[in-house]
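Contents: one structure, followed by commentary.
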Amino acid sequence: MKRKSLAILLSAVMVVAGCLAGCGNSGNDSTPAQTQEQEQESEPAAGEEEKEAPAESGGGSNLEESLALFDEAVANLMTTDGHPMLAPGVTFDVPEAEGTAEELEALDDSQSAKWHFYEYLDWDESQDAQFPASPADGAKGKHVIMIVHGAHAWTTCFSEAFEQACEAVGMTCDIYDPNWDQSTQDGYIDQAINEQPDAIGVIPVSADHAAQQFKKITDAGIPAFCVNTTVNADAMNYVMAFTGPNDWYQMRTLADSLGEAMNGEGGVAYITHNVGGSPYYARCYGPLTELAEKYPNIKTLDIQSPGFEAAAVKQVVADWITKYGDELKAIVLADDSDQAIGTVEAIKAANRSDILVVAAGISKQGAELVESGDLYMMSYQSCQGDAGLAVRTMAEYFNGVDISRVSYIGTDVINKDNVADFTPCQW
């Protein structure tokens, strides 16, 4: 079977720090953001070279108006923290798998090769013919439906930005929220198909369940876009394009800095994301495998999934402090808001100042904790940029531009030195 993969290529020698284009950095010689920019220069982002092509497609005045709206939105629509909301995505080739899916699944959890097909998006190219061709008549007037995963402050920020970006490029939208319930999201899939929009975007509640969702949309002749959370190859065979963060890359780079700060010694515990979704795997096993391979003297102490309530997380961390004592030197969080608040409260209650806490971010609470020194560092994951890239990709599709099958938003590592470059926060 011929397969094609696109994702961020992780470098074993990459030093973590830096900043998204135009922002400050922490002074290291090589940064993830710089590496991404260099790759983008060698491989133009989706649609950049083809930008003039749609003018010859016969789309008429609506296409011309759509292209003008698109250019204006790309140039002027900004995130709360001052970055372009509709920035082009980042795409990279990925390494070959070191075995079959069955062979890799048998590996220990601490080996990064085990998670290859979780980390890198893959699909069967022979399936591509099933996707509806672009109408190439412009995004203006198109109606799209976005089905998110569940209620959260991040989701509210994403939804508002998605609506704003749709309006800027001339599209209308509806957003459905199943509140983390799989059967409710399945019902919304059916409802959206019955409404026959011009495109449907989905943030899957479960990566393992997504294949049947996207197959149903594609079989109905509607362009299907996977947003924010990644899915496996079976689902990607029915996804016209994925847009969102590369959680694995972000968390690996975060782990690199954490390992250095720990001097390669001590124990680490993990608070995960919602079990079953792609952030669960990326934000736990991304940093876990990175530390295991680069810092063999750092020990994994425990992995827990208490959810996103601060009180529940506080209890888990308090139990860890009691159980592991001075062996506990760091905690990795999937969330920099309520999870971080509960973690910091437990650490302060135990009068511990030697535990480093890192998290996926960036929320207002997380930024404040970084500023105070309670949170050592966090990743930059633009909620509004996530929504903007989804809208950009849909608009380019309607405008007749060739879109990349996978596009990632930019990222960075945020610490006390550069946190001001990413405020005011988006949520």
Here are Gly373, Gly366, Gly410, Gly385: which of them is at positive phi and not hydrophobic (A, V, I, L, M, F, W, C)? Gly373
Positions within the stretch 187-215 being under 12 Å from Ile147 (Cβ atoms) and not hydrophobic (A, V, I, L, M, F, W, C), in sequence order: Gly187, Tyr188, Asp190, Gln191, Glu195, Pro197, Gly201, Pro204, Gln213
Give me a count of the residues in the stretch 61-77 that are among the polar types (S, T, N, Q) and closer than 10 Å to Val169 by Cβ. 1
Filter the stretch 190-204 down to the residues that are farther than 15 Å from Phe398 by Cα and of a type in the set (A, V, I, L, M), then identify the one that is surrounded by the fewest Cβ atoms within 10 Å (Cβ to Cβ). Ile193
Looking only at strands (runs of 3 or more DSSP E) that lie completely in the stretch 338-427, which have at least 2 residues being under 30 Å from Thr322 (Cβ atoms) and in contact (Cβ under 8 Å) with a residue 24 or more places away in the chain? 356-359, 377-379
Scan the stretch 387-407 residue by residue and report those that are in contact with a strand residue (DSSP E or B) (Cβ under 7 Å, 6 or more places away or on another chain), open to solvent by less than 10 Å² (accessible area, probe 1.4 Å) and of a type in the set (A, V, I, L, M, F, W, C). Leu389, Ala390, Met394, Val406
Given (1) open to solvent by 20 Å² or more (accessible area, probe 1.4 Å); (2) assigned to a helix (DSSP H, G or I); (3) closer than 18 Å to Ala241 by Cβ, number of the condition Ala133 does not satisfy: (2)
Mind checking which residues of the stretch 408-427 are among the small types (Gly, Ala, Ser) and buried (at least 24 other Cβ atoms within 10 Å of the Cβ)? Gly410
Can you name the residue in the stretch 243-266 that is under 19 Å from Gly373 (Cβ atoms) and either in a helix (DSSP H, G or I) or among the charged types (D, E, K, R) (or both) and is also most open to solvent (accessible area, probe 1.4 Å) among such residues? Glu260
Quick one: would you say Gly138 is farther than 24 Å from Trp180 by Cα and either among the polar types (S, T, N, Q) or not in a strand (DSSP E or B) (or both)? yes
Hey, among the residues in the stretch 72-95 that are open to solvent by 80 Å² or more (accessible area, probe 1.4 Å) and more than 28 Å from Ala367 (Cβ to Cβ), which one's modelled with the lowest pLDDT? Asp93
Can you confirm whether Val148 is touching a Gly at 6+ places or on another chain (Cβ under 7 Å), of a type outside the set (S, T, N, Q) and either within 25 Å of His83 (Cβ to Cβ) or without any contact (Cβ under 8 Å) to a residue 12 or more places away in the chain (or both)? no
Scanning the stretch 161-173 residue by residue, the ones that are in a helix (DSSP H, G or I) and without any contact (Cβ under 8 Å) to a residue 40 or more places away in the chain total 2
I'd like to verify a number: residues in the stretch 96-118 that are assigned to a helix (DSSP H, G or I) and at pLDDT 90 or above, how many? 9
On the basis of being β-branched (Val, Ile, Thr) and part of a helix (DSSP H, G or I), does Thr80 make the cut? no
Looking across the stretch 153-189 at residues that are out of contact with any Asp or Glu (no Cβ under 9 Å at 6 or more places or on another chain) and on the phi > 0 side of the Ramachandran plot, the single one that is surrounded by the most Cβ atoms within 10 Å (Cβ to Cβ) is Trp180
Just one of the numbered conditions (1) surrounded by fewer than 24 Cβ atoms within 10 Å (Cβ to Cβ); (2) closer than 27 Å to Val344 by Cβ is not true of Gln384; which one? (1)
Just wondering, is there one or more residues in the stretch 177-189 that are part of a loop (DSSP other than H, G, I, E, B) and within 25 Å of Ala139 (Cβ to Cβ)? yes
Do you know which residues across the stretch 204-228 are assigned to a loop (DSSP other than H, G, I, E, B) and either touching a Gly at 6+ places or on another chain (Cβ under 8 Å) or free of Cβ contacts under 8 Å to residues at least 12 places away in the same chain (or both)? Pro204, Val205, Ser206, Asn228
If I go through the stretch 328-380 residue by residue, how many of them are among the polar types (S, T, N, Q) and open to solvent by less than 10 Å² (accessible area, probe 1.4 Å)? 5
Mind checking which residues of the stretch 269-299 are of a type in the set (Val, Ile, Thr), surrounded by 21 or more Cβ atoms within 10 Å (Cβ to Cβ) and within 21 Å of the chain's Cα centre (by Cα)? Ile271, Thr272, Thr289
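The values are calculated or read from the model by the stated rules, or taken from the named source; none is laboratory data. A quick note: this is a predicted structure, and the numbers were derived from the prediction, not measured. Note that each Cβ is placed from the backbone with ideal geometry, even for glycine, and that neighbours are counted across all protein chains shown. Side chains are part of the model used for accessible areas, which takes the heavy atoms of the whole protein and leaves out ligands, DNA and RNA. Shrake-Rupley method; radii C 1.70, N 1.55, O 1.52, S 1.80 Å.
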